[in-house]
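The values are calculated or read from the model by the stated rules, or taken from the named source; none is laboratory data. Please read these numbers as outputs of a predicted model, since none were measured by experiment. Here the Cβ is made from the backbone with ideal geometry for all residues, glycine too, and neighbour counts use every protein chain on show. These accessible areas exclude ligands, DNA and RNA; they are computed on the full protein's heavy atoms, side chains included. Shrake-Rupley method; radii C 1.70, N 1.55, O 1.52, S 1.80 Å.
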Amino acid sequence: MKMGSASAGLVSIFSNGYRSLGAPVSSWRTLASSSLYKHYKRNSKGAVLSCLSSSKIELACLSSKVDVAQTTTSSVNGYHKYDRLLPCPSENGPPRVEHLVVSEGGPVLEYICKSLDLPPLFVADLIHFGAVYYALVCPQPPPSATPEQIRIFKEVTAPSVLSKRTSIKGKTVREAQKTFRITHVEQFVEAGTYLRVHVHPKRFPRCYEIDWKSRVIAVADSYVVLDKPAGTSVGGTSDNIEESCATFASRALGFSTPLKTTHQIDNCTEGWYCILLMLHCLCVVLARTKEYCSIFHGKIREKKVKKLYLALTAAPVPIGIITHYMRPINVAPRLISEDFIKGWYLCKLEVMECKEVPWPDPVIQQKYCIEDFEWPSKDRAYECKINLLTGRTHQVRAQLAACGAPIVGDSMYMPAAIAEMANPGLSPFGKCKKYTTESDKEMAVTKWFARFGKEPKVAIGLQACQISWDDGEHFYEARSPWWRSGMA
């Protein structure tokens, strides 16, 4: 059904409890194929604000029909045959995000199946992956929204409509627009509820290739230390919490309560990762219990946690402290400047060692999907030991690239460094860049993002190699980095 009207009703406030590790995706597929979910018909469409999201979070209106090439092979029981989420595809397709407003209350799985013409098995796995969200009230549409989408938003958020919904009484509109994950297939959604469905979640095929027990460095009462493989997500992404280090390590260790992350390092980075139970922060240390999580956060705040990285760079890096300032906008590639800019984040790292090593051989490059992007000299590389003094997303990668020494295999920052070397002044905030107007600067930034920003496929030359706290009482090292396996 098209979103042309909104009706009032009741909605349950769904709990955000822990995920069950005893029910892998296969059991959800069994549940979704049970008689409870076999009676759907395809004569009712409920897509409202049906849109496709680009990787830059810009929305462009598209049809709500499923991308058959991505998800289906033939028709079964009125729905296309399911074959998208499992087995895991080796390549990620283009992102697709559908935005719906429920026009008739009922079980969320049933509504999504009808609205988007998706198989119940597929939708059940999307929910298990954490790829479906809800809000009691539809959020404000983006600037790219169509007049029809604006009309629908105004209709379902009109005060006369919202005043009849007992589920949002006592809440501000902003509070009611906050999104939460859908946690089970039978969750009830009332008319007027906003749904966001990540139809093509980002996938991590390497999770299925790893011997996870061999990656566990230590198991303590309060924490687990994990040597994170490159090409994996530590705690999951906004559309995939299933294919993560935390989930797979929990299963490998036989834990009934899933490990939770509190820090994030880039998916293409290798290294240790302590896994904590509840919170999420920016440093690379985690734990098993809520109590230890709070304790460890205190250690981070008091700067009692020391982290060292190994970076394989394409050019030598000077020994000493390197300082930059990072643009405070959460879009990659991160833009940085050597000059102080008000409001930008301070980024500091210390290069402790820099030694010449062989460039990875072709066999190793192929194994880890390393690209050289026609770097001019591939006779040698440089292994640097780095003490991270501030913790910003992509900090090491962005700072080293700005120094003309990008990390080997870094498809996001190495091409930009090469382009800047060939054409000084290309970088929007590089040493040689000068602007006459503010609009010229914004245009340069826009062109930069349009040209660069490709995520690495598996690995780059970066490893979080050591972590210690309590003056070295707790000290852990990761295994040798991938690039050393090809050295004589």
When every residue in the stretch 198-216 that is hydrophobic (A, V, I, L, M, F, W, C) and surrounded by 21 or more Cβ atoms within 10 Å (Cβ to Cβ) is compared, the one farthest from Val108 (Cα to Cα) is Phe204
May I ask you to verify whether Gly192 is under 26 Å from Arg288 (Cα atoms), outside the structural domain of Gln463 (by the TED database) and touching a residue at least 12 places away in the same chain (Cβ under 8 Å)?
no
Are any residues in the stretch 368-388 over 30 Å from Ser90 (Cβ atoms) and outside any strand (DSSP E or B), and if so, which ones?
Pro376, Ser377, Asp379
Where the second residue is crowded, with 17+ Cβ neighbours inside 10 Å and of a type in the set (Val, Ile, Thr) and the first is without any contact (Cβ under 8 Å) to a residue 40 or more places away in the chain and within 21 Å of Ser250 (Cβ to Cβ) and lies in the stretch 287-303, which pairs have Cβ atoms under 7 Å and are six or more apart or on separate chains?
Cys293/Thr262
Within the stretch 332-350, residues of a type in the set (D, E, K, R) and either part of a strand (DSSP E or B) or within 26 Å of Pro376 (Cα to Cα) (or both) come out as Arg334, Glu338, Lys348, Glu350
Find the residue count for the stretch 109-133, including only residues that are in a strand (DSSP E or B) and open to solvent by less than 10 Å² (accessible area, probe 1.4 Å).
1
Name the residues in the stretch 421-447 that are in a helix (DSSP H, G or I) and under 28 Å from the mean Cα position of the chain (by Cα), would you?
Glu442, Met443, Ala444, Val445, Thr446, Lys447
Name the residues in the stretch 186-197 that are open to solvent by 20 Å² or more (accessible area, probe 1.4 Å) and in a strand (DSSP E or B), would you?
Phe188, Arg196
Of the listed residues (Thr183, Thr172, Thr166), the one being open to solvent by 50 Å² or more (accessible area, probe 1.4 Å), touching a Leu at 6+ places or on another chain (Cβ under 9 Å) and of a type in the set (S, T, N, Q) is Thr166
Of all residues being open to solvent by 70 Å² or more (accessible area, probe 1.4 Å) and not acidic (Asp, Glu) in the stretch 134-157, which is nearest to Glu243 (Cα to Cα)? Just the residue, please.
Gln140
Which ones in the stretch 91-108 are surrounded by fewer than 24 Cβ atoms within 10 Å (Cβ to Cβ), part of a strand (DSSP E or B) and touching a Lys or Arg at 6+ places or on another chain (Cβ under 7 Å)?
Val97
Looking at this structure, is Ser160 farther than 30 Å from Lys114 by Cα and surrounded by fewer than 21 Cβ atoms within 10 Å (Cβ to Cβ)?
no
Here's a check for you: in the stretch 316-331, which residue that is in contact with an Asp or Glu (Cβ under 8 Å, 6 or more places away or on another chain) and assigned to a loop (DSSP other than H, G, I, E, B) is least open to solvent (accessible area, probe 1.4 Å)?
Pro316
Could you tell me which numbered condition Phe475 fails, if it satisfies all but one of (1) in a strand (DSSP E or B); (2) within 24 Å of Phe204 (Cβ to Cβ)?
(2)
